[in-house]
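A quick write-up on the structure given underneath.
The values are calculated or read from the model by the stated rules, or taken from the named source; none is laboratory data. None of the values given here were measured: they were computed from a predicted structure. All Cβ positions, glycine included, derive from the backbone under ideal geometry; neighbour counts span all protein chains shown.
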Amino acid sequence: MKTTRLSLLFSLILLLGLNQLTHAQLSSSQVDSLMNHALKTFNVAGAAVAIVKDGKIIHEKGYGVRSVDTKAPVNEHTNFEIASNSKAFTSASIALLVEEGKLKWTDKVVQHIPEFKMYDAYTTANFTIADLLSHRSGMGLGAGDLMWWPNGSDFTIQDMLSAFQHFKPESDFRTQYAYNNILFFIAGEVIHRVSGKPWEEFVQERILTPLEMDQSYTSLNAVKDRSNLSAAHKIVEGKQVAFENYEDMVNGAAAQMKANVHDLSKWMLMHLNKGKYGENLKKQLFSEKSQQEMWRLQTVINGAPNEKYGTHFYGYGLGWAIRDVKGYKRVSHSGGLPGMLTLTVMIPDINLGFVILTNTHDGGAYLFNAVSNAIIDSYVDVEASDWIDFYNKRMVKSEHHADSVVTEVWKTVKKAKSKNSKPEDFIGMYEDAWFGKAEVFMNNGKLWLKALRAPNLNGQLYFYNANTFAVKWEYQHMNGDVFALFTLDENGKAQGFMLKGISPNIDFSYDFQDLSFKRVE
């Protein structure tokens, strides 16, 4: 009887041990294998990963190369554009000002920026600081992004403050989620006016310096040694091509920070310690109350429940996306700029956080999704999945569909012959209420379109069908080619046009659907 009990006890211990092993953290060597496999599968030039657990950095490493031209390797100190992961630094900055009594989350934006205007008087008067940070404006996805995307435009923060008076809302104020970058730029301007310091200076002094994030930067101008900056990459005919993508914006509040996984580990550890940091956690960046507010669900995001992770809710807080995973709160944010895709994830209930930085479109997003799910699987009570295979199939399917659509368009262009239109019927100056002027003109005998305030949006017009042309932009770091749909008067002369993305995979920040050009000359 005693022997039987001992056998049962040993079996129970063995079973518990195996169960813990099944759901234990991935070892560093396993993370290495996972990352190297993912880089190859998703055709990504370089990436970096850091994992923090129970108050410690347990893994931080670079993979691949900073640039396919130099072959310089990525390490844990390589800086990437973290893109929209910058937004959490903006909400944290607002939290610091709230704690100082200089503003409230419920303050109206017009209290601090009187010239701020939305699409109607009620929304303008009632738009709060929290509204700036929670994507519930009533406007459509990515509204206004063409003022900063692609880079190189001359739009100022003053343009952004008043542009939305020309937009039509797609939903009632505060009723639906629609991601918006411009409102974070405006939040950056609130920080500037309330603190007296530009966003870049405020974040550096109040967040980066205290946390000793000494090799991360709020602007390109602040980077004195650029030797460890990652280049951005795109895929051209299956090959990785490096290009320079760093350029400062009107302010850094939406997407400007350059950071590395070593420094971002400090950022995550501070959050997981509820605002505390430093030796024995004796210092406090912001209060636990502030963190609870930033991590509180503000805007519901509609989506199907995830059965594997038992996800019941998904939404947005203040600079963070929030959902549940097997009963745990998951706080995260992704970021994307041409050639740079990033992800930060924290599961505070189990004191886990990780960050993944990549330098290649479009594979970077598939990589960080696959790797993040694999990491999460190793910590929560779920059966592990082959996420690399899952996302590779999704990527191949999506790219095949998009490529087939785009290919058919340019096949049609090649075969098309314009019988009714003449170039002179389209030549002229056109204007959109918020985006400004665009000119159609002859360029070396070819019909051409250029946006006057956004130099990267210029390219040849190719006849497609009826009153529609396909536009191939000279800027090809991300595929943003469009249809130009002209309206004609009774004499066949163009009176205006609208733009529509050709590829079904066009980035939402190409908000061409919000433009309506009218002839002015």
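Checked against (1) under 28 Å from H233 (Cβ atoms); (2) crowded, with 19+ Cβ neighbours inside 10 Å, N456 meets all criteria but (2).
Residues that are modelled with pLDDT under 95 and outside any loop (DSSP other than H, G, I, E, B) within the stretch 213-227 comprise L220, N221, A222, listed in sequence order. Annotation note: Cβ proximity below 8 Å between a residue of the stretch 190-212 that is in the same structural domain as K104 (by TED's automatic domain parsing) and closer than 23 Å to M268 by Cβ and a residue that is outside any helix (DSSP H, G or I) and basic (K, R) (sequence gap 6+ or interchain) occurs for I191/K197; E205/K197; P210/K283. Name the single residue, out of those in the stretch 468-521 being among the small types (G, A, S), part of a loop (DSSP other than H, G, I, E, B) and more than 21 Å from M429 (Cβ to Cβ), that is farthest from the chain's Cα centre (by Cα). Ranking the candidates gives S503 first.
Filter the stretch 284-307 down to the residues that are surrounded by fewer than 18 Cβ atoms within 10 Å (Cβ to Cβ) and in contact with a Lys or Arg (Cβ under 7 Å, 6 or more places away or on another chain) and list them by number. If the condition is that a residue be surrounded by fewer than 18 Cβ atoms within 10 Å (Cβ to Cβ) and in contact with a Lys or Arg (Cβ under 7 Å, 6 or more places away or on another chain), then Q284, E288 are the ones that fit. Restricting attention to the stretch 400-416, the residues being assigned to a helix (DSSP H, G or I) and either exposed (fewer than 12 other Cβ atoms within 10 Å of the Cβ) or not β-branched (V, I, T) (or both) number 11. When the stretch 228-255 is filtered for residues that are in contact with a Lys or Arg (Cβ under 9 Å, 6 or more places away or on another chain) and either part of a loop (DSSP other than H, G, I, E, B) or crowded, with 19+ Cβ neighbours inside 10 Å (or both), the ones remaining, listed by number, are N228, L229, S230, A231, Q240, A242, Y246, A253, A254, A255. Reported count of residues in the stretch 346-396, each being farther than 15 Å from Q25 by Cα, in contact with a strand residue (DSSP E or B) (Cβ under 8 Å, 6 or more places away or on another chain) and of a type in the set (F, W, Y), is 1.
Of note, I186 does not satisfy the criterion of being part of a helix (DSSP H, G or I), touching a residue at least 60 places away in the same chain (Cβ under 8 Å) and over 23 Å from P114 (Cβ atoms).
Given the structure, is S84 hydroxyl-bearing (S, T, Y), part of a helix (DSSP H, G or I) and in contact with a Ser or Thr (Cβ under 7 Å, 6 or more places away or on another chain)? Yes, satisfied.
Which of the residues that make up the stretch 278-309 are within 18 Å of I347 (Cα to Cα) and either touching a strand residue (DSSP E or B) at 6+ places or on another chain (Cβ under 7 Å) or not assigned by TED's automatic domain parsing to the domain that holds K53 (or both)? Correct list: W295, L297, Y309.
Candidates in the stretch 436-447 are the residues that are surrounded by 17 or more Cβ atoms within 10 Å (Cβ to Cβ) and in contact with a strand residue (DSSP E or B) (Cβ under 7 Å, 6 or more places away or on another chain); of these, the one that is nearest to F167 (Cα to Cα) is A438.
For the stretch 355-374, the tally of residues that are of a type outside the set (F, W, Y), crowded, with 23+ Cβ neighbours inside 10 Å and in a helix (DSSP H, G or I) stands at 5.
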